[in-house]
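Computed from the coordinates by the stated procedures, all read-outs in this text should not be read as laboratory data. Keep in mind the model is a prediction, meaning the values are calculated, not measured. No Cβ is skipped: glycine too gets one built from the backbone with ideal geometry, and neighbour counts run over all protein chains shown.
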Amino acid sequence: MEVAYDRGRMTKRRISRREAITVGLMGAGAAATGLAGTHDALSGAGRGVRAVVVGAGAFGGWTALALRRAGAEVTLVDAWGAGNARASSGGESRLIRASYGPRRIYSAMVARALEIWKEYEARWDDRLLFPIGMLRMSSGASEYATAAPPILRELGLRVEEFDGAELARRFPQINPEGLTYAVLEHDAGYLLARRGCQRVLEEFEARGGAFVRARASAGGIRGGRMAEIGLADGRTVEADLFVFACGPWLGELFPEFDPPLVQPTRQEVFYFGPPAGRADLTEEKFPTWIEGPFYGVPATRFRGFKIADDRRGEPFDPTSGDRTPSAKGAREARVYMEHRFPGMRCAPLLEARVCQYEQSADGNLIVDTHPEASNVWIAGGGSGHGYKLGASLGEMLAGQALGEQEKEPFFRLARLTAA
Ligand SMILES: Cc1cc2nc3c(=O)[nH]c(=O)nc-3n(C[C@H](O)[C@H](O)[C@H](O)COP(=O)(O)OP(=O)(O)OC[C@H]3O[C@@H](n4cnc5c(N)ncnc54)[C@H](O)[C@@H]3O)c2cc1C
C-alpha cells in the first residue's frame, strides 16, 4: 500500500515510488515477512508525522528507531531508561532462535531480526549478537519440535536434526540419559539484552530522535483519536501517532481491557560458575540450549552458566515487586543442571536475578491499534520470548503505522477480547 500520513491530521497521501519500500533489497527474512531489506528502505514514509513512543525496551526502542529512520519526528519516553533493571529487556542476555514449532511468522521475524542485528553491528562496530547456536533436546520427536526445521531451511537458516546417540557423540558434556531427539540451529544464539536496548537508544538519538526520561500516562481518546500523553511532571506531549510499548506495565496504562493486555509473572534466572579451564561449558564450545521448561546460555565472557525455568511464576508487580531470588528456584535449577551437565556438579551460584514475563492471554504478541483510537498502537505481550523479535517488530509496526503494510492478523487484539 503506497500511502503515508500527513502531519497533524494523519490523513493518507500517496507517496512516490522512491519513498516506497525497496522490494529489491529484501533478504530472506524480509521476503518472508514483507519487511524492508535495510532500515534505510523505509526512508521518507514518516516525513511530516509526529510520533511518541512510550517504553524504550526491545519493542519501543526498535519501533522508535524505525519510525525515525522513516523520517518521522519521534519522541521516545521511558520512566527509568532503555533496558533498565526493572524492564523485561533489562537482563544480561536473551536467546535468539528461529524454531517456533509450526509458527512460521515468528521464524520469519527472527530471520529478519538476525539481518537487522547484523546490519547494526556492522554500523556500530560492536558485538551484541552471539550466534553460537541453539540446541533443543527432548525425549522423543514431538510435533512441535519437528515442525520447525523445514520452515527454517525454507528461510535459509541452517539447522540439523539428530538422535540421542549423535547428541552424546557431539556433546560429551551433556548427560544424554532419556534424550532421543535434538535440533541444532546454527544461526541462533544469544543477544546482549540491556546493552542492545542502550545501543538502539544511542542510534535513535544520533539520528535526531528525542528521548525523555519520565513516567507517561495515556491521554484521553476523543473522536477516535488521542491527541497527547501526560508526563508525571505535568507536561504533555502532543503527536499524530502514539505507540505504547510498556512491556509488563501495559495493563496499568490501559486497564479497560478484559482480559488484561498482559499479566506480569515472576521469573528467576541463575548463573553458576563452571570449573576453571572447562571451555566445553562455555560459549567457545557449547551452544545455547532448551530442554522442556529449562533453557540457558553457557558461560560467556560476561556471565556464568545461565539457567532459567520458563514455567510461569506468580503474578508480579514490575514496579515494586520483591526481586530477592528464592532458595527453591536455585535448588530446582541446580538439580536439573547437575543431572544434565555433570561437569557443573557443585558449581557455585555466582548471581541470580528476578525478572518478569509480560504474558498475553495466549502467549502471542500484541501489535495492533487501540479499538477506540486509530492513531494509538499497542505493542507487547512478548510472553517470555519477545526480545529476539524486537528488531523486526519495530520495523513491522513502523511500516503498519505509516500505512506501508497491512496489520498482521495473528497479532491483533480482537483474538484476545473476543468472547
Ligand atoms: C527472565 C526472562 C528471560 C527471557 N528470555 C528471553 C529469551 O531468551 N529470548 C527472548 O526473545 N525473550 C526472552 N524474554 C522475553 C523478553 O525479554 C521480553 O518479551 C521483551 O524484552 C519485552 O520487551 P518490551 O519492550 O515489550 O518490554 P520492556 O523491556 O519491559 O520495556 C518496557 C519499557 O517501558 C517503560 N515504561 C513502562 N511504563 C511506562 C510509563 N508509564 N511511562 C514511561 N515508560 C514506561 C519501562 O521502563 C520499560 O523500559 C525473557 C524475559 C525474562 C523476564
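General observations
- Interchain or long-range residues, amide H under 5 Å from Asp310's placed H: Phe294, Tyr295
- Point-charge dipole on Cβ atoms (K/R +1, D/E -1) for region 66-181, about Cα centre, debye to 20: 180
- The calculated 222 nm mean residue ellipticity attributable to helices in the chain amounts to -7500 deg cm²/dmol, summing -39500 (n - 2.57) over DSSP H runs of n ≥ 4 and dividing by all residues.
- What separates the Cα centres of region 95-121 and region 304-329 is a distance of 26 Å.
- In order along region 322-329, phi translates into HN-Hα couplings of 6, 9, 7, x, 9, 5, 5, x Hz, rounded to whole numbers, per the Karplus curve 6.51 cos²θ - 1.76 cosθ + 1.60 with θ = phi - 60° and x for Gly and Pro.
- Classified by the C-alpha gyration tensor, region 60-107 has an oblate form. Its axis ratio a/c, with a ≥ b ≥ c, is 1.5 or above, and a/b does not exceed b/c.
- Ranked Leu167, Leu349, criterion: other C-beta atoms within 10 Å, fewest first: Leu349, Leu167
- Each residue, Thr324 and Leu350, gets one label point 7 Å from its Cα in the Cβ direction; the gap between the two is 2.5 nm.
- Orientation-averaged projection of region 196-354 equals 13.2 nm² [convex hull of Cα atoms, one quarter of hull surface area].
- Interatomic Cα distance distribution for region 232-302, bins of 10 angstrom, percent: 14, 26, 21, 19, 17, 4
- The 3J(HN,Hα) values that the Karplus relation (6.51, -1.76, 1.60; θ = phi - 60°) gives for region 388-400 are, in residue order, 4, 8, x, 4, 7, 4, x, 5, 5, 5, 4, x, 5 Hz. Gly and Pro appear as x.
- Greater than 20 Å apart at Cα, pairs in Lys306/Lys388; Lys306/Lys328; Lys285/Lys388; Lys118/Lys407: Lys285/Lys388; Lys118/Lys407
- Given charges at beta-carbon only (K, R positive; D, E negative), |dipole| of the chain in Debye: 460
- Ordering Thr324, Thr300, Thr369 by the number of other Cβ atoms within 10 Å of each residue's own Cβ, fewest first, gives Thr324, Thr369, Thr300.
- From the largest down, region 95-135 spans 35, 20, 9 angstrom on the principal axes of its Cα atoms.
- Going by neighbour counts of Cβ atoms within 10 Å, the residues Tyr144, Tyr106 line up, fewest first, as Tyr144, Tyr106.
- Percent of alpha-carbon pairs separated by more than 15 Å within region 78-165: 68
- Positive-end extreme of charge dipole, the chain - chosen from Gly321, Cys197, Gly140 (charges on Cβ): Cys197
- Once the Kirkwood radius over Cα pairs is known for the chain, the Stokes-Einstein relation at 25 °C and 0.890 mPa s delivers a diffusion coefficient of 112 µm²/s.
- Positive-pole candidate from Ala333, Pro274, Gly55, dipole of the chain, charges at beta carbon: Gly55
- Residue-by-residue Karplus 3J(HN,Hα) for region 239-253, coefficients 6.51, -1.76, 1.60, Hz, glycine and proline x: 7, 8, 9, 10, 10, 9, 10, 9, x, x, 8, 4, x, 5, 6
- Cut-off under 5 Å, modelled amide H: who pairs with Gly44 long-range: Gly71
- Whether region 288-419 is rounded, prolate or oblate, judged on the alpha carbon gyration tensor where a/c under 1.5 counts as rounded: prolate
- Cα centre as origin, Lys/Arg/Asp/Glu Cβ charges: region 218-357 dipole, Debye: 640
- Three-way shape label, region 351-419, alpha-carbon gyration tensor, a/c 1.5: oblate
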